[in-house]
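Notes follow once the structure below has been shown.
Coordinate-derived values only; no laboratory data. Bear in mind the structure is a predicted one, so any value in this text is a computation, not a measurement. Virtual Cβ from ideal backbone geometry, glycine too; neighbours counted across all protein chains shown.
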Amino acid sequence: MARKPASAGTCAFCGREVAGTGMTKHLATCAERQAAIDKAEASKRKAQPLYHIVVRDTIDGLYWLHLEVAGSSTLVDVDNYLRAIWVDCCGHMSHFVFGTTRYQELIDGFFALGDQKNITTKASEVLRAGLKGRYEYDFGTPTELKIEVIGEREGKPLTTKPLTLLARNVMPAYECADCGEPATHICMQCYFEQGEPGCYLCAAHAKEHACTLYGGPKKRFNSPRTGRCKYNGPAKPPY
Ligand SMILES: [Zn+2]
Ligand SMILES: [Zn+2]
Ligand SMILES: [Zn+2]
Ligand SMILES: [Zn+2]
């Protein structure tokens, strides 16, 4: 029997594995995160508003990221980060929606329609604690993410990059539907036709699997983009 995985995650500072629901509390008290903050404060970086955001997939929320976004960065930086760590397969279009405003790439010569703004908008002009929004990548085979700003502080960014990873989920563990070994593949045809858990397969059973729609079983990654389009894993860190 495949089991529903727990949505645990790892703190990027101390490496501890924490239940998904406890990660916000852990980050607030993690001594190693505090040491990283103290070190950043002693640096020459510019103090600015820093936003703690949580990003989750909208399917079941098993995939999640805690990120800190520097106020001076733009939504393009957030987009690039999400593409690198999670979603990019072949450079599809994407957008953010916060409130009734859609942030996307506005091509020169076209006027913004209705509530549209350029994705080059600065994070500090959009984000504030308590704000909820969403992100969509690839409007053909979409991957949709929920974004929530769960905190805001004034300080120096922890790295020289626009975004810093605070924590992320551990890859959900599934067992092969045929033999019970750890599943390294997913069949999207079975996933769409019969749902979980029958769609998860080990490498050997993925090879023998008869489904041909969507190109047969696909390799699994720690990403909500797994199995979609030509997704072939994250970019090489650092982002
Ligand atoms: Zn920690
Ligand atoms: Zn694609
Ligand atoms: Zn198997
Ligand atoms: Zn199948």
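Using alpha carbons only, how many degrees (0 to 90, rounded to 10) separate the axis of helix 31-41 from the longest principal axis of the chain?
40
Quick check: residue separation of K161 and K146 times 0.36 nm, minus the Cα distance between them. What number comes out in nm?
Details: separation 15, 0.36 × 15 = 5.40 nm, distance 2.24 nm.
Residue separation times 0.36 nm, minus the Cα-Cα distance, leaves 3.2 nm.
Have a look at the DSSP beta bridges in the chain and tell me what percent are antiparallel, nearest 5.
Close to 95 percent.
Which entries of K132/K156; K161/K236; K46/K117; K25/K132 have Cα-Cα distances beyond 21 Å here?
K132/K156; K46/K117
Hey, can you rank 68-79, 127-138 by average C-beta count inside 10 Å, highest first?
My ranking of the peptides, most packed first, is 68-79, 127-138.
Can you order the peptides 232-238, 52-58 by their average number of other Cβ atoms within 10 Å per residue, highest first?
Listed from highest to lowest mean packing, they are 52-58, 232-238.
Would the chain count as rounded, prolate or oblate if I go by the C-alpha gyration tensor, calling it rounded below 1.5 in a/c and otherwise prolate when a/b exceeds b/c, oblate otherwise?
Oblate, because a/c is 1.5 or more while a/b does not exceed b/c.
Determine the calculated [θ] at 222 nm for the chain from helices alone, applying -39500 (n - 2.57) to every DSSP H run no shorter than 4 residues and normalising by the residue count; nearest 500 deg cm²/dmol.
Details: 6 runs with 43 residues, N = 239.
Result for the chain: -4500 deg cm²/dmol, rounded to the nearest 500.
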